[in-house]
Amino acid sequence: MKQVVAMALALLLSLFLLPLLLIGEPEKPLASAETDTPVPTGTLPIDRTVITPPPAGGIDAGRTVRVLIDGQVSPMAMDDYLWCVAAAEMPASFALEAIKAQVVAARTYTAAKMSYTVQQHPDADVCSDITCCQAYISREDAAQNWGERAGTYTEAIAQAVTATDGMIAVYDGAPIQAVFFSSAAGRTVDAAEVWGSSVPYLTGVQSPEGEEVPNYHTTVTLPAEEFKTTLLRQYPDLVLEGEPSSWIGAASPNSAGGVAALSIGGTSLRGEVLRGLFNLRSTNFTLTAQGDTLTFSVTGYGHGVGMSQYGANAMAKEGKTWQEIIQWYYTGVTLEPMESTPKS
């Protein structure tokens, strides 16, 4: 009887214990909070030296710009400065790729300024005077101007700055003079036609904006006596006698179809000179006289050299990228990170 019981117990144990012996111990988790070392979750091999990352925000955040504002030099991060420039220089309602192109142009222009001492403000890299550098507006003033669209526009410009972080347009190893203006009358002009010096990357190209531009066509109308007085103050040798219509001679066109020079009172005057004297929006104008009144009919706005802002917006709406826009308006440039260019 005892032998039978013993055999039965042995059989029972074999049935329950054998599977456990075959399976073995349960698999341990990869890490135990109490006794095991946590498994690394980073992408770098654990035996590789960890490289210190760039400053939070990227290249722009790590570059300081000295900005002259209201007589005070204020150091600020490049990304903060570019946001304020883009908000002041281009409508925030423009297509995002156009705003990116504007940011790259502004960054490039700033980088070029930082490479030398500017006589007008030797203690600052740039200033907020548009006759010297670039326009500037504070975030608070921009938000007030934008009203209920402030959140949307603020984010759009921030995205444009971040998406193009550190990128500038370079020609022959140096950041270019990335000048820009509002709108062209179908084509930009060579730098030599405006400033007298040829610049290889500032050549005339077609520009696609048109009737969608606000105030694309404007007029300046003057009494003949005011027109005469203004000109004689600067050019006393002009002959402005008889009917005003007889004062106006032949025009010499520039490469964009505007006025390179216009004969008035027997003297050839540059279109740029007339633009300044009579506060015209561009040199793409015609001058007509009717009785004792003279009228300038003007198309576009700005000096016409470099990137047209409304042209950039038109290109962006056609599906062009900021890279394509920059390389269209600035002939022969390459796009490189600002880190690769000399610092001031």
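The values are calculated or read from the model by the stated rules, or taken from the named source; none is laboratory data. Because the structure is a prediction, the values reported are computed rather than measured. Here the Cβ is made from the backbone with ideal geometry for all residues, glycine too, and neighbour counts use every protein chain on show. Heavy atoms of the whole protein, side chains included, go into the accessibility calculation; ligands, DNA and RNA do not. Shrake-Rupley method; radii C 1.70, N 1.55, O 1.52, S 1.80 Å.
Answer yes if at least one residue in the range 292-310 is of a type in the set (Phe, Trp, Tyr), within 15 Å of the chain's Cα centre (by Cα) and open to solvent by 60 Å² or more (accessible area, probe 1.4 Å), and no otherwise.
Of the range 292-310, the ones of a type in the set (Phe, Trp, Tyr) are 296, 301, 310.
Going one step further and asking which of them are within 15 Å of the chain's Cα centre (by Cα), we end up with 310.
Subset that is open to solvent by 60 Å² or more (accessible area, probe 1.4 Å): none.
No - not one qualifying residue is present in the range 292-310.
For the condition open to solvent by less than 50 Å² (accessible area, probe 1.4 Å) and either more than 28 Å from SER245 (Cβ to Cβ) or in contact with a helix residue (DSSP H, G or I) (Cβ under 8 Å, 6 or more places away or on another chain) (or both), THR334 does not qualify.
If you go through the range 75-107 and pick out every residue that is open to solvent by less than 30 Å² (accessible area, probe 1.4 Å), closer than 13 Å to ARG63 by Cβ and touching a residue at least 24 places away in the same chain (Cβ under 8 Å), you end up with 4. Please enumerate the residues belonging to the range 158-177 that are in contact with a strand residue (DSSP E or B) (Cβ under 6 Å, 6 or more places away or on another chain) and either over 23 Å from VAL305 (Cβ atoms) or part of a loop (DSSP other than H, G, I, E, B) (or both). Hits for the range 158-177 are GLY166, ILE176. Only one entry in THR203, THR230, THR218 is part of a strand (DSSP E or B) and out of contact with any Gly (no Cβ under 7 Å at 6 or more places or on another chain), namely THR218. Scanning the range 157-168 for residues that are under 11 Å from TRP83 (Cα atoms) and buried (at least 20 other Cβ atoms within 10 Å of the Cβ) returns ILE157, ALA160, VAL161. Consider the range 134-151. How many of its residues are farther than 10 Å from ALA87 by Cβ and free of Cβ contacts under 8 Å to residues at least 24 places away in the same chain? Number satisfying all stated conditions: 6. In this structure, ARG281 does not qualify as among the charged types (D, E, K, R), crowded, with 16+ Cβ neighbours inside 10 Å and without any contact (Cβ under 8 Å) to a residue 60 or more places away in the chain.
Among the listed residues ALA289, ALA316, which satisfies the condition of being more than 12 Å from GLY210 (Cα to Cα), small (Gly, Ala, Ser) and in a strand (DSSP E or B)?
Working: ALA316 fails: in a strand (DSSP E or B).
Only one candidate qualifies: ALA289.
For THR341, state whether it is within 19 Å of ARG107 (Cβ to Cβ), of a type in the set (Val, Ile, Thr), touching a helix residue (DSSP H, G or I) at 6+ places or on another chain (Cβ under 7 Å) and modelled with pLDDT under 95. So THR341 fits the description; yes. Of the residues GLU226, GLU212, which single one is in contact with a Phe, Trp or Tyr (Cβ under 9 Å, 6 or more places away or on another chain), of a type in the set (D, E, K, R) and exposed (fewer than 15 other Cβ atoms within 10 Å of the Cβ)? Every option except GLU212 fails the conditions. Scanning the range 240-278 for residues that are among the hydrophobic types (A, V, I, L, M, F, W, C) and open to solvent by 30 Å² or more (accessible area, probe 1.4 Å) yields ILE248, ALA250, ALA251, ALA260, VAL273, LEU277. Entry remark, the range 311-321: residues being touching a helix residue (DSSP H, G or I) at 6+ places or on another chain (Cβ under 9 Å), open to solvent by 20 Å² or more (accessible area, probe 1.4 Å) and in contact (Cβ under 8 Å) with a residue 60 or more places away in the chain number 3 in total.
Those residues that are open to solvent by 90 Å² or more (accessible area, probe 1.4 Å) and more than 17 Å from ILE99 (Cα to Cα), I need them from the range 120-156; list them, please. Quick ask: steps written out before the conclusion?
Within the range 120-156, the subset open to solvent by 90 Å² or more (accessible area, probe 1.4 Å) is 120, 123, 130-131, 139-140, 144-145, 148-149, 155.
Across the range 120-156, the qualifying residues are GLN120, ASP123, ILE130, THR131, GLU140, GLN144, ASN145, GLU148.
Per the listing GLU209, GLU155, GLU140, GLU225, the residue uniquely charged (D, E, K, R), at pLDDT 95 or above, touching a strand residue (DSSP E or B) at 6+ places or on another chain (Cβ under 8 Å) and on the phi < 0 side of the Ramachandran plot is GLU209.
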